[in-house]
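Presented below is the structure to which this report refers.
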Amino acid sequence: MTAEPVDPRRLSSSKPSDVSADFDIEAQMAGAAGMLAAAANVIMQLGNPGVGHGVAESKVDDGNVLLHPWKRLRTTLSYLVVALFGDEATVAAYRKAVNKQHAQVRSGPDSPVKYNAFDVDLQLWVAACLYVGFRDARVLFLGPMDYKTDLDLYRYCHRLGTSLQVPIEAWPTDLEAFEKYWQDGVSKIHYDDVVRDHLMKVVNLRMVPRWMQWGNASVNRFFTIGMLPPEFRTAMRLEWSPKQQRRFDRWIGLFRFVSRLTPTWARNLPIKLQLAEVRFRIRRGWRLV
């Protein structure tokens, strides 16, 4: 299914009425430790063949992570911050900027998979992956949630999709409905050679200067594979041993200790600075994406 941009009046980026009034999204943020899951989440998103080929075949060079890694990092983080913390005006401005880029992303006659960046189903999958990554990082670095917090976080995170073209009605109604949607999506993930090659370049940091790859590439590869759910790891044909898992668990334990000691305001400071940067760009009329 494909769709053109949806009328923004159909969308909602504010908290739904069924999110508890005392829910604090800032308290759920894992801070810098959450960045360890960034590349793994990209792999998860591209497990949907439409998303995978849409990214790997994209002709929008200035949005290509392999050509402009720092810009891509900035714009991706900006979207997440705007979607979760931005007001309606900021969300609308960022949506408009993203739409201009997405208008250029659609399959050609030779593509093995049909895709369109405005496809609501594809956007829903990306938003679902972002939510799962966010939720898992929260649990991994800050500890388990009670059911109420878990449900509130899930319902709040509809903004990851509705800030673009996903209508609120498309977001599964509760945790149980989402789990069914998620398992169905996971059962369909597939990485052909084109998509896998693109992703392995990201995993191995092929987009940064060679001197930056030394040491950093192996670290990025280790944490990326470790952060992946087993189904995605298997689909990507990535090896992971019990010894690596034990080493991974020790590192995560250290990051968890630091994250729990870090005050909420400090964990959220980078987010507030990122949001301020986006608003500064809007005031200046500078390009957002």
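Below is a table of values for the structure above.
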{"quantity": "Filter result (buried (at least 16 other Cβ atoms within 10 Å of the Cβ) and not charged (D, E, K, R)) within the stretch 205-221", "calculated": "Leu205, Met207, Ala217, Asn220"}
{"quantity": "Close pairs from the stretch 142-162: first of a type in the set (A, V, I, L, M), partner part of a loop (DSSP other than H, G, I, E, B), Cβ under 8 Å, at least 6 apart", "calculated": "Leu142/Ala30; Leu151/Asp174; Leu153/Phe23; Leu153/Met145"}
{"quantity": "Helices (runs of 4 or more DSSP H) contained entirely in the stretch 37-136, each with at least 3 residues that are charged (D, E, K, R)", "calculated": "69-85, 88-102"}
{"quantity": "Complete set of residues in the stretch 157-172 that are under 21 Å from Arg138 (Cα atoms) and either of a type in the set (Gly, Ala, Ser) or out of contact with any helix residue (DSSP H, G or I) (no Cβ under 8 Å at 6 or more places or on another chain) (or both)", "calculated": "Gly161"}
{"quantity": "Residues satisfying the stated conditions in the stretch 129-176, i.e. acidic (Asp, Glu) and either closer than 17 Å to Asp24 by Cα or within 18 Å of the chain's Cα centre (by Cα) (or both)", "calculated": "Asp136, Asp146, Asp150, Asp152"}
{"quantity": "Subset of the stretch 28-48 (residues that are surrounded by fewer than 20 Cβ atoms within 10 Å (Cβ to Cβ) and either of a type in the set (Val, Ile, Thr) or touching a Pro at 6+ places or on another chain (Cβ under 8 Å) (or both))", "calculated": "Ala32"}
{"quantity": "Residue under evaluation Arg106, criteria (1) basic (Lys, Arg); (2) within 17 Å of the chain's Cα centre (by Cα); (3) surrounded by 16 or more Cβ atoms within 10 Å (Cβ to Cβ), criterion not met", "calculated": "(2)"}
{"quantity": "Flag for Gly143 being on the phi > 0 side of the Ramachandran plot and surrounded by fewer than 17 Cβ atoms within 10 Å (Cβ to Cβ)", "calculated": "yes"}
{"quantity": "Meets criteria (β-branched (Val, Ile, Thr), within 23 Å of the chain's Cα centre (by Cα) and not in a helix (DSSP H, G or I)) for Ile271", "calculated": "no"}
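Table: residues versus (1) surrounded by 13 or more Cβ atoms within 10 Å (Cβ to Cβ); (2) under 24 Å from Leu73 (Cα atoms); (3) modelled with pLDDT under 95.
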position	(1), (2), (3)
Pro229	yes, yes, no
Arg233	yes, yes, no
Arg246	no, no, no
Asp249	no, no, no
Phe255	yes, yes, no
Ala276	no, yes, no
Ile282	yes, yes, no
Gly285	no, yes, no
Leu288	yes, yes, no
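The values are calculated or read from the model by the stated rules, or taken from the named source; none is laboratory data. Not measured: the values here are computed from a predicted model. Positions of Cβ are generated from backbone atoms using ideal geometry, with glycine treated the same way; all protein chains shown enter the neighbour counts.
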